[in-house]
């Protein structure tokens with residue numbers, strides 16, 4: 001019996017030693033564990049891969065909300081303005097009203113009386129202009145113990161007075177600086193004591209699917225917490241300067257009054273500023289990335305405005321077809337669509353160039369170029385690596401200050417005039433520019449080409465926004481003076497090759513604005 005017991009013990013110790021030795025050996029050889037190997041297996045089911053990384057329980061936001069709420073404020077911005085004769089308000093579209101509904105605009109007399117009733121008091125005397133008060137509500141957050149507060153520009157834009165409600169008290173606020181391009185405003189309050197504040201995180205580090213929390217004052221409901229995830233990044237929704245729109249999309253509920261409040265990660269850091277919602281959908285909200293705030297904050301604090309470097313270019317991202325047409329191996333780079341009078345034009349940059357790098361920093365998308373140049377500031381000099389006609393060249397550009405605002409271009413269309421020609425596979429009709437067409441379409445005398453008179457829905461140019469009234473002025477970098485040039489270049493193209501159409505859309509009112517430019521790329525079909 002003793003012999004059998006000793007034999008079993010020896011066997012157990014031998015097996016145990018083999019297991020320990022195997023574990024040590026595997027660790028020493030740094031063998032990949034199954035989950036790591038699965039991550040690198042392209043044939044693995046996405047569902048199985050996601051399950052390996054799923055958490056067993058949902059997080060609690062209670063401690064996070066309790067810690068951050070004292071740094072979140074409510075903002076009341078009042079604007080008193082004289083109404084014109086037609087009782088109209090300010091011109092243009094108010095982003096606040098567009099995304100959050102009408103402001104609470106109340107009529108009031110020019111001379112306010114202490115005993116006025118709720119109807120706004122006595123009417124102004126004959127000939128006296130009426131005054132209107134607009135009350136805008138929003139949210140914000142404290143970013144320093146001495147009372148710096150961040151909110152949206154559209155919450156305080158044009159306000160006569162601004163108050164910040166914090167800790168049960170109202171504090172008059174000074175507007176330190178605003179940046180309309182990014183919809184950011186910086187306020188300052190004096191509370192007489194150090195304030196609880198929130199730290200700024202890194203919006204580049206967050207990932208789609210990460211948990212986030214929004215705190216604000218929606219619909220006049222104080223200190224409301226909503227939660228969700230990051231739904232998408234890099235959204236452009238067309239409510240501000242498109243060059244700088246880089247919104248974070250989230251399904252955390254954002255409502256009227258949340259505008260300017262913080263979007264927080266699970267560490268309590270601000271990763272975005274709640275800005276807009278989509279009325280036509282549920283739980284689609286947008287926030288300005290906090291890294292955008294960090295870029296403009298020093299200038300807002302010190303100068304009250306943001307000065308940016310300016311090239312004077314209209315650029316767009318490359319797609320696969322365009323990259324092929326330009327002879328590039330990938331879609332990295334910024335395609336120059338238009339060159340305005342300014343620094344880049346003076347340096348010799350041309351439409352059709354592709355900017356591959358700036359000061360040695362690779363340009364993968366247009367945002368890389370815009371952000372770098374903007375942050376350099378006016379009067380700086382940058383070196384552009386440019387792809388032109390299959391070769392890489394360099395251009396040095398001395399930047400100027402970016403002009404404020406921008407001008408929108410209008411679309412134009414016209415019936416098909418008589419005398420149009422066409423190429424069947426392209427699906428368009430076109431004709432030479434005449435004096436009558438130039439006058440009718442506001443086409444400058446220095447613009448040459450053919451004008452498109454009709455486009456079929458099946459045309460390969462239709463999906464690239466070529467419409468009646470569009471002028472085709474170049475093909476593959478060759479100038480088009482008229483129909484003869486157009487047909488010669490198109491008909492001489494080899495099957496399978498690419499045609500790069502440089503198009504212009506002039507101002508139909510004959511204004512001084514430069515024509516809207518674009519590139520349309522078409523592959524020549526076989527047997528054309």
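Quick check on my filter: what residues within the range 282-299 are within 20 Å of residue 257 (Cα to Cα), surrounded by fewer than 21 Cβ atoms within 10 Å (Cβ to Cβ) and touching a residue at least 24 places away in the same chain (Cβ under 8 Å)?
Matches in the range 282-299: 283, 284.
Taking only the range 206-218 into account, find how many residues are touching a residue at least 24 places away in the same chain (Cβ under 8 Å) and in a loop (DSSP other than H, G, I, E, B).
Of the range 206-218, the ones touching a residue at least 24 places away in the same chain (Cβ under 8 Å) are 206, 208, 210-218.
Restricting the remaining residues to those that are in a loop (DSSP other than H, G, I, E, B) gives 206, 208, 210, 217.
So the count comes out to 4.
Could you check the range 482-502 and list, in sequence order, the residues that are part of a loop (DSSP other than H, G, I, E, B) and closer than 20 Å to residue 467 by Cα?
482 - this is the single residue of the range 482-502 that is part of a loop (DSSP other than H, G, I, E, B) and closer than 20 Å to residue 467 by Cα.
Please work out which one of (1) in a loop (DSSP other than H, G, I, E, B); (2) touching a residue at least 24 places away in the same chain (Cβ under 8 Å) is the condition residue 193 fails and give its number.
Unmet condition: (2).
Name the helices (runs of 4 or more DSSP H) wholly inside the range 246-361 in which the number of residues that are within 30 Å of residue 228 (Cα to Cα) is 3 or more.
Per the criteria, 290-302.
Go through the range 338-378 and report how many residues are within 19 Å of the chain's Cα centre (by Cα) and more than 23 Å from residue 296 (Cα to Cα). Talk me through it step by step, then tell me what you get.
Let us first name the residues in the range 338-378 that are within 19 Å of the chain's Cα centre (by Cα), namely 363-375.
Pick out the ones that are also more than 23 Å from residue 296 (Cα to Cα) and you get none.
Count: 0.
Residues are listed down the side, and each one gets a yes or a no for (1) more than 23 Å from residue 372 (Cβ to Cβ); (2) outside the structural domain of residue 282 (by TED's automatic domain parsing):
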| residue | (1), (2) |
| --- | --- |
| 153 | yes, yes |
| 156 | yes, yes |
| 167 | yes, yes |
| 179 | no, yes |
| 186 | yes, yes |
| 204 | no, yes |
| 246 | no, no |
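What are the residues in the range 462-481 that are assigned to a loop (DSSP other than H, G, I, E, B) and on the phi < 0 side of the Ramachandran plot, if any? If you could, list the steps in order and put the result at the bottom.
We begin by selecting, within the range 462-481, every residue assigned to a loop (DSSP other than H, G, I, E, B); these are 465-470, 476-477, 480-481.
Within the range 462-481, 466, 467, 468, 470, 480, 481 qualify.
Considering only the range 208-223, how many residues are within 13 Å of residue 255 (Cβ to Cβ) and out of contact with any strand residue (DSSP E or B) (no Cβ under 6 Å at 6 or more places or on another chain)?
Going through the range 208-223 one residue at a time, the tally reaches 3.
Listed residues 323, 357, 344, 334; which is modelled with pLDDT under 95, under 11 Å from residue 386 (Cα atoms) and not assigned by TED's automatic domain parsing to the domain that holds residue 504?
The conditions single out 334.
Just to be sure before I move on: is residue 258 within 21 Å of residue 178 (Cα to Cα), touching a residue at least 60 places away in the same chain (Cβ under 8 Å), under 20 Å from the mean Cα position of the chain (by Cα) and surrounded by fewer than 22 Cβ atoms within 10 Å (Cβ to Cβ) in the structure I sent?
no
In this structure, does residue 168 turn out to be within 21 Å of residue 73 (Cα to Cα) and exposed (fewer than 14 other Cβ atoms within 10 Å of the Cβ)?
yes
If residue 164 satisfies all but one of (1) within 27 Å of the chain's Cα centre (by Cα); (2) outside any loop (DSSP other than H, G, I, E, B), what's the number of the condition it fails?
Of (1) within 27 Å of the chain's Cα centre (by Cα); (2) outside any loop (DSSP other than H, G, I, E, B), only one is false for residue 164: (1).
Among (1) in contact with a helix residue (DSSP H, G or I) (Cβ under 9 Å, 6 or more places away or on another chain); (2) farther than 15 Å from residue 69 by Cα; (3) at pLDDT below 90, there is one condition residue 160 misses while meeting the rest; what is its number?
Going through (1) in contact with a helix residue (DSSP H, G or I) (Cβ under 9 Å, 6 or more places away or on another chain); (2) farther than 15 Å from residue 69 by Cα; (3) at pLDDT below 90 one by one, residue 160 breaks only (1).
Could you list, ordered by first residue, the pairs with Cβ atoms under 6 Å in which the first is in the range 226-237 and closer than 18 Å to residue 65 by Cβ and the second is part of a strand (DSSP E or B) and at pLDDT below 90, at least 6 apart or interchain?
none
So residue 196 clears everything in (1) surrounded by fewer than 19 Cβ atoms within 10 Å (Cβ to Cβ); (2) at pLDDT 90 or above; (3) out of contact with any helix residue (DSSP H, G or I) (no Cβ under 7 Å at 6 or more places or on another chain) except one condition, right? Which one?
(3)
The values are calculated or read from the model by the stated rules, or taken from the named source; none is laboratory data. The shown structure was predicted, so the numbers you read here are calculated from the model rather than taken from an experiment. All Cβ positions, glycine included, derive from the backbone under ideal geometry; neighbour counts span all protein chains shown.
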